[in-house]
Amino acid sequence: MLNKILPHKEITPRALFNFEKTPFNFVMAFVTIALLSAFVFGFINYLLHGHHAYGVTKEHPWGLLIAMYIFFVVSSTGLCIISSLGHVFHIKSFEFIGKRAIFGAIITILSGFAIIGLEIGHPVRMAIYNTISPGFTSAIWGMGALYSVYLALIVIEFIFLSRDEHKWSKFFGLGGLIIGIAAHSNLGAVFGFLVGRPMANGVFYPVYFILSAMITGCFLLFLMYGYRYKMHFTAEMEKFLMHLGRLLGLLIDILVFFEFWRFLTAIYGNVPERADTALHVLSSKSFWIGEVILGMVIPFVVVLYSKAKAIKAIIYASITGMLGIFFMRYNLVHDTLVYPMQKMKIREYQLVPSWIEYTPTITEWAIALGGIGICLAMYYIGENFLFLDPNKEDEYFKHYTTEE
């Protein structure tokens, strides 16, 4: 019955542990189990102590878990956007990545939901009251509602892709793309609507989130296909990865200009709080090493120097790129809240303001890293039990050639 709805391979305990016994695979298995164990530890500690297990405070209410949630949903939206270039917009080189990319979009957003569920406190209550008493003026409510619809659409899209029913997969793929972009820009608006936080307030983040999502999707596709082909690629895969590399280089170039103008407009005029925060960020190592060098410079230089032809080098650069994406998310949350809020009465009963630094606790790190373990475990299960590669007998791929 299930096979009629979603075609799959044989589901047995033996198939679950059927993988090539290489040192790399053993390391990946160990890392995945360790990360899942960390998530269990963090989950239990959260159940025992609640939010007291986290390093967040009234002055700095958002922390690592919010950053990791953004990290995962950005990844999901990025994979959805890149996959749509093929089976929605029919760009030839991208047509055969649909199933793997959309499956990646599903598991990354589920990992993000697992993390945010332990941050908001009452996920069941949230689901109930989001439905019976929606807050239409709340950007956070809009984000939650849109992401729920987005998840449903991409799950249905994946089912039709797996069944090679491309008329319906294109329909739901287009719906998932539109709702995904709406949800993701709405997530950016959660920061953009923060009138009391001038560094975040404005139209920048709703647009920036879409751009950074596409970059993240490119990084993840390089990593996914590098692992899938064990660094030995077919001609059509090399063609796709070369085109993907060129797209990645263009997107990073645009991101550099985004960041340049973000900080220039923040510093210009020396507006109180906005300029102070921007200069504080520009003095931090996590920005220059994490965001700039790891996230932008290394991948861009590799793509530019090799003209996107050094596929293996770009895959290794994608590892640093994903580390840079993490720093972008973490710094986004921390930098938004690092400037101290002052009371209206500034002459009496108030300490001299100082930067509000935040340090994640071991529980937060365990849950955040455990989210990566959940994602890796789901990807392994999908790789073993689902058909993530295209069916070359499908009429949809008959026009595909490996010619440049």
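None of the figures in this text is laboratory data; all of them are computed from the coordinates on show. This is a predicted model, so every value here is computed, not measured. Please note: Cβ atoms are built from the backbone with ideal geometry, for glycine as well, and neighbour counts cover all protein chains shown.
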For segment 51-133 the GluC sites (Glu not before Pro) that pass both the DSSP coil test and the at-most-12 other-Cβ-within-10 Å test are Glu59
From the phi of every residue in segment 314-328, what ³J(HN,Hα) in whole Hz does the Karplus formula 6.51 cos²θ - 1.76 cosθ + 1.60 yield, where θ is phi - 60° and glycine or proline is x? 5, 5, 5, 5, 5, 5, 5, x, 5, 4, x, 4, 4, 4, 4
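Ranked from highest to lowest mean number of other Cβ atoms within 10 Å per residue, what is the order of the peptides 60-71, 308-319? Could you put the intermediate results ahead of the total?
On the way: 60-71: 23.3, 308-319: 19.1.
Final packing ranking: 60-71, 308-319.
Run through every distinct alpha carbon pair of segment 176-305 and return the Kirkwood hydrodynamic radius in angstroms, one decimal place. Please report the intermediate quantities before stating the final value.
Details: mean 1/r = 0.0604 Å⁻¹.
This gives a value of 16.6 Å.
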Projected area averaged over orientations for segment 66-217, convex hull of C-alpha atoms, nm²: 9.2 nm²
What percentages make up the Cα-Cα pair-distance distribution of segment 64-140 when the bins are 5 Å wide from 0? 3, 16, 17, 16, 16, 13, 10, 6, 2, 0
What is the angle, in °, between the Cα long axis of helix 362-385 and the longest principal axis of the Cα atoms in the chain? Nearest 10 is fine, range 0 to 90. 10 degrees
How long are the semi-axes of the equivalent ellipsoid of segment 125-177, taking √(5λ) for every eigenvalue λ of the Cα gyration tensor, in whole Å from largest down? 29, 11, 6
List, in order, the whole-Hz ³J(HN,Hα) value for each residue of segment 260-274 obtained from phi through the Karplus relation with A = 6.51, B = -1.76, C = 1.60 and θ = phi - 60°; use x for Gly and Pro. 4, 6, 4, 6, 5, 5, 6, 7, 4, x, 6, 5, x, 6, 4
Spelling it out for Ile91: with amide H atoms placed in the peptide plane at 1.01 Å from N, the residues 5 or more places away or on another chain with amide H under 5 Å from its amide H are Gly86
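Pairs of Cα atoms under 8 Å, at least six residues apart: use those to get the relative contact order of the chain, whole percent. Walk me through the numbers on the way to the answer.
Details: 549 pairs, mean separation 121.4, N = 404.
After rounding, I find 30 percent.
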Would you work out if segment 213-280 is rounded, prolate or oblate? Take a ≥ b ≥ c from the square roots of the eigenvalues of the alpha-carbon gyration tensor; rounded if a/c is under 1.5, else prolate when a/b is larger than b/c, oblate otherwise. prolate
Per residue and in Å³, how big is the convex hull formed by the alpha-carbon atoms of segment 108-198? 116 Å³
For a quick check of your reading of the filter: which trypsin sites (Lys or Arg not before Pro) in segment 1-92 sit in a DSSP loop and have no more than 13 other Cβ atoms within 10 Å? Lys9, Lys21, Lys58
How large is log10 I(q)/I(0) at q = 0.09 Å⁻¹ when the Debye formula is applied to the Cα atoms of segment 1-141, each weighted equally and without solvent? -0.45
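Over its Cα atoms, what ratio of radius of gyration to 2.2 N^0.38 Å does segment 273-344 give?
Normalised Rg, Cα atoms only: 1.41.
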Starting from the amide H of Leu386, placed 1.01 Å from N in the peptide plane, find each other amide H under 5 Å away whose residue is 5 or more places distant or on another chain. Lys9
Helical mean residue ellipticity (222 nm; -39500 (n - 2.57) per DSSP H run of 4+; nearest 500) of the chain: -22500 deg cm²/dmol
Number of Lys pairs in segment 217-370 closer than 14 Å at Cα, excluding neighbours under 8 places apart unless interchain, is 4
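Considering only DSSP states other than H, G, I, E and B, which chymotrypsin sites (Phe, Trp or Tyr not before Pro) in segment 1-32 qualify as loop sites with at most 12 other Cβ atoms within 10 Å? Could you put the intermediate results ahead of the total?
Numbers: sites: Phe17, Phe19, Phe24, Phe26, Phe30; in loops: Phe17, Phe19.
For chymotrypsin sites (Phe, Trp or Tyr not before Pro) across segment 1-32 that sit outside H, G, I, E and B with at most 12 neighbouring Cβ atoms in 10 Å, the list reads Phe17.
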Taking Cα atoms, how many degrees apart are the long axis of helix 123-132 and the longest axis of the chain, rounded to 10 and kept between 0 and 90? 90 degrees
